[in-house]
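Below is one structure, written out as structure tokens; comments come after it.
The values are calculated or read from the model by the stated rules, or taken from the named source; none is laboratory data. Quick caveat, the model's predicted, so the values are computed rather than measured. All Cβ positions, glycine included, derive from the backbone under ideal geometry; neighbour counts span all protein chains shown. Just the protein is used for accessible areas: all its heavy atoms, side chains included, with ligands, DNA and RNA removed. Shrake-Rupley method; radii C 1.70, N 1.55, O 1.52, S 1.80 Å.
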Amino acid sequence: MVKILNYINGALAGPSQGQYMDNFNPAEGKVYSLVPDSGIEDVANAVTAAMEAFPSWSVLPVEKRSRMLQRLADLVDRDLDKLALAESIDTGKPVLLARRMDIPRAAANIRFFATAMLHFSSEAHITDSAAINYTTRTPVGVAGCISPWNLPLYLFTWKIAPALAAGCTVVAKPSELTPMTAFLFSELCIEAGLPQGVLNIVHGAGAKAGQAIIEHPDISAISFTGGTATGKKVALTAAPMFKKLSLEMGGKNPNIIFADCDFEKAMSTSIQSSFTNQGEICLCGSRILVEKSLFEPFVEEFVKRAKALKIGDPVDEETALGAVISAAHMNKILSYIELAKQEKGKILTGGKRITLSGRCKGGYFVEPAVIVGLDHQCRTNQEEIFGPVVTIMPFETEEEAIHLANSTAYGLSATIWTENLKCAHRVASKVKSGIVWVNCWLFRDLRTPFGGMKQSGIGREGGWEALKFFTEAKNVCVKL
Ligand code: NAD
């Protein structure tokens, strides 16, 4: 059985206490590797290594940092098939999705920030003819990067790449549920010749290794992606220590469909935005709001297409939906189906565990569920389920659509479908979410600000926002 190792000070090593946790293959429901159960000591060693590496990494000419990171991106590209298969086995997601989305995006993240840094300039402000102000942006020091299980290497690199490009050194912790591709990535860092201590990867449980990263006094910035409840705990520890904090958290995203939309595009994309990655993407539209005159035909066709999605072995190229991440998560999803029934919702399709045959017979597979008849204020419509479950609700007016869209504590993303661009702009301006897609979904330009409002997040990632986060601005005013 593969024993995953920490990557500290340029070398692979087991946890100092020798303790490991089981890592499951969700499609089989079986343990297939062991992940370090690291603790305070391992985090302390990683921070020491990162602090020792900081003085030389932070002043390395930016072209050299950029070349080193681009070499890493090339190695990720080279290992596309190996990493995609590893990601599929670790998460239960279809291998095709990992090969088309997760791994190419991981390489793109690294390449994007490696080259963006070459163009990251400081500002100067001429104050009348009396003074010149110039602003320097220097790396914050050691950054702590904590990432979730749903898009493991994709979100891991989305954090570490801007930090490293900006000149920070990093202590990172991938999710304990999906440690494999970060482990394989640490082998690539060694192959690429990344100087020791620049990136340190500590595997372990959130409450133990994760908490130790947040608490460490020599880590000056924390970039966290995960659930809102965890984000709250992170903030409780980090805020009184005055650490820089970026929190990317949960969502309950509205997908607003007006009657004048391009029906086929809205329909096929809504199927994707509901069920891609088993609905385990923070940007999935889990509340579909449909203008009343289109409600019935939309629901009928949507249910037909949801039923047609092939659920199967994630390594089978034909599979559209694989397994959900864990038995606990599957039970959480199924409990929300029961809750929806209690709340008088009508389950039009799905919502049951599926038992496959062969090697996947013990896997955590859930049929995509479509629910109607629920009030927008019920728990099913308010709480993040993070699985293949959507509700569909009718609306009569633009104002009502906006009201329903904004009626949760979250504000991550929203999607609007209409051929009336004036309406799209009006609604986009009133929806309280950090990201709005009009007539598309998950169409990403890495230069744009990424993040949520309300309980979905604090701060923005992407483009200059990320490079600004990992640097500290200092203004120097020179009187003329
Ligand atoms: P989670 O909050 O359980 O865990 C996220 C990470 O935090 C893991 O690495 C975990 O080990 C760590 N962690 C847990 N407790 C910790 C603590 N006390 N201190 C420090 N670290 C700790 O989230 P998850 O279940 O892995 O991921 C699913 C959630 O992530 C969903 O809510 C989803 O919406 C959200 N998410 C958000 C975005 C976004 O960009 N906004 C992207 C992906 C996922």
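Restricting the stretch 386-480 to chymotrypsin sites (Phe, Trp or Tyr not before Pro) that sit in a DSSP loop and have at most 16 other Cβ atoms within 10 Å of their own Cβ leaves Phe443.
Of the cross-linked pairs Lys307/Lys352; Lys265/Lys430; Lys304/Lys332; Lys93/Lys310; Lys244/Lys468; Lys3/Lys30, those separated by over 18 Å at the C-alpha level are Lys265/Lys430; Lys304/Lys332.
With respect to the chain, whose longest principal axis is taken over its alpha-carbon atoms, helix 228-238 is tilted by about 20°.
Here the stretch 362-480 is described by how far its Cα atoms reach on the three principal axes: 69, 48, 25 Å, from widest to narrowest. Distance between Cα centroids, the stretch 397-428 to the stretch 128-185: provide it in whole Å. The stretch 397-428 and the stretch 128-185 have Cα centres separated by 32 Å.
Compared with the rule-of-thumb size 2.2 N^0.38 Å for a compact globular protein, the stretch 254-445 has a Cα radius of gyration ratio of 0.99.
Based on Cα contacts under 8 Å between residues 6+ apart, the stretch 254-445 shows a relative contact order of 27 percent.
Suppose we keep just the DSSP beta bridges with both residues in the chain; what percent of those would be antiparallel, to 5? Taking every DSSP beta bridge with both residues in the chain, the antiparallel ones total about 45 percent. What the Cα atoms of the chain give is an Rg and a Dmax of 22.8, 78 Å.
Count Lys and Arg as plus one, Asp and Glu as minus one, and take only other residues whose Cβ is under 10 Å from that of Lys93; the net charge is then -4. Within the stretch 309-467, DSSP assigns beta bridges of which about 45% are antiparallel (rounded to the nearest 5).
Calculated accessible area for the stretch 254-445 comes out at 41 Å² per residue, all protein chains present (probe 1.4 Å; ligands, DNA, RNA ignored).
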